[in-house]
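Step one of this worksheet: look at the structure below.
The values are calculated or read from the model by the stated rules, or taken from the named source; none is laboratory data. As the structure is a prediction and not an experimental result, all values here were calculated from the model. When we count neighbours, we look across all protein chains shown, and the Cβ atoms used for this are built from the backbone with ideal geometry, even at glycine. Just the protein is used for accessible areas: all its heavy atoms, side chains included, with ligands, DNA and RNA removed. Shrake-Rupley method; radii C 1.70, N 1.55, O 1.52, S 1.80 Å.
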Amino acid sequence: METISEVFGLWLDVDVNIEGHHNEQHHQYFDSFPQAIDFMMSLPIKPTIIVNSGGGLHVYYKFDEVLRLETIEERKEINLIYRLFSEYVNQEANKLGKKIDKSNVLKMMRVPFTYNLKNKDKPKLVTIEYFEDANQLKYEDVKRFLKETIEREQRKIAHGKQQSSYPSDKKADGDLIYERCNWVRHKVDKQHECSYEEWNLLLMLCANLKDGFNKAHEWSRDDARYNATEVTRKYQTLVEQKMKPFLCNKVNGSSLCKSCSLFNQGKSPVRLGYGDKHKR
């Protein structure tokens with residue numbers, strides 16, 4: 001990191017479910033190359049080059065001029081820009097139930113017209129899927145875009161925290177919530193019908209339960225997409241981030257919620273996990 005002197009742009013690594021390429025299929029990888037390409041092209045910042053790496057896409061965003069780095073502060077800033085940019089794109093992918101890998105300025109990418117030998121029995125030619133040299137970015141514009149986007153997301157999070165009112169001792173009982181919340185019970189009983197966003201809401205709830213780790217797995221394992229490692233990783237991330245449980249207004253458009261005492265009150269289902277006080 002200390003020796004980087006020039007950066008020509010940004011790049012991202014986007015995984016696609018390719019049979020025999022990854023150790024296991026992952027429901028958050030894109031289902032096909034066209035789906036992944038369509039997603040990348042739908043974003044307001046357009047790529048310059050999209051490379052088919054054999055197992056996914058390497059997506060490049062060229063700066064209009066080479067960024068020269070002379071100080072440690074400049075190197076730290078570009079590494080931060082990489083992290084924020086990949087986090088922004090990942091946020092957008094999450095809305096579709098997908099994800100992309102975190103990116104950094106040191107990441108090695110595959111060279112077009114070489115072969116991907118991850119599976120030596122089935123070498124894959126690395127090809128260029130898209131190229132438009134006119135799509136170039138001004139570095140200052142990228143920083144401004146990310147600053148505005150991130151601040152907007154932070155305001156949304158802060159607004160949600162201001163509305164949230166619930167005991168913070170993590171003693172809520174998941175079984176009580178399952179018994180009293182029609183939405184939670186429906187999603188747990190029909191895990192195979194859960195979207196990624198709905199599953200994420202359940203895990204946000206688990207991160208605030210006294211037996212959250214076990215509940216995270218119990219409320220996930222009946223789905224064919226269940227991956228114990230992924231559930232543990234996601235749960236631990238939410239706990240480390242001290243993620244608050246979701247508010248009922250996230251889901252109270254559902255007919256399942258209309259008979260609940262918390263309906264349209266700006267509360268969270270976690271309140272149903274405390275004895276009789278918040279009983280439905």
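Within the range 230-248, being polar (S, T, N, Q) and in a helix (DSSP H, G or I) holds for 232, 236, 237. Residue-level analysis places residue 79 outside the set of residues that are within 24 Å of residue 231 (Cα to Cα) and open to solvent by 20 Å² or more (accessible area, probe 1.4 Å). Taking residues in the range 97-113 that are touching a residue at least 24 places away in the same chain (Cβ under 8 Å) and within 15 Å of residue 57 (Cβ to Cβ), and partners anywhere that are part of a loop (DSSP other than H, G, I, E, B) and among the acidic types (Asp, Glu), the pairs with Cβ atoms closer than 9 Å and at least 6 places apart or on different chains are 98/31; 107/101. Within the range 45-59, the presence of a residue that is open to solvent by 30 Å² or more (accessible area, probe 1.4 Å), more than 24 Å from residue 126 (Cα to Cα) and either outside any strand (DSSP E or B) or among the aromatic types (Phe, Trp, Tyr) (or both) is excluded.
Residues in the range 203-229 that are open to solvent by less than 40 Å² (accessible area, probe 1.4 Å), under 17 Å from residue 99 (Cβ atoms) and outside any loop (DSSP other than H, G, I, E, B): 203, 204. With respect to the conditions (1) within 17 Å of residue 47 (Cβ to Cβ); (2) surrounded by fewer than 15 Cβ atoms within 10 Å (Cβ to Cβ), residue 72 lacks only one, and its number is (1). Only one entry of 103, 86, 53 meets the criterion of being in contact with a strand residue (DSSP E or B) (Cβ under 8 Å, 6 or more places away or on another chain) and at pLDDT below 85, and that entry is 103. Among the helices (runs of 4 or more DSSP H) confined to the range 106-194, the ones with at least 1 residues that are of a type outside the set (Asp, Glu), out of contact with any helix residue (DSSP H, G or I) (no Cβ under 6 Å at 6 or more places or on another chain) and modelled with pLDDT under 85 are located at 139-163. Would you tally the residues in the range 95-113 being more than 30 Å from residue 230 (Cα to Cα) and surrounded by 12 or more Cβ atoms within 10 Å (Cβ to Cβ)? Counting residues in the range 95-113 that are more than 30 Å from residue 230 (Cα to Cα) and surrounded by 12 or more Cβ atoms within 10 Å (Cβ to Cβ) gives 1.
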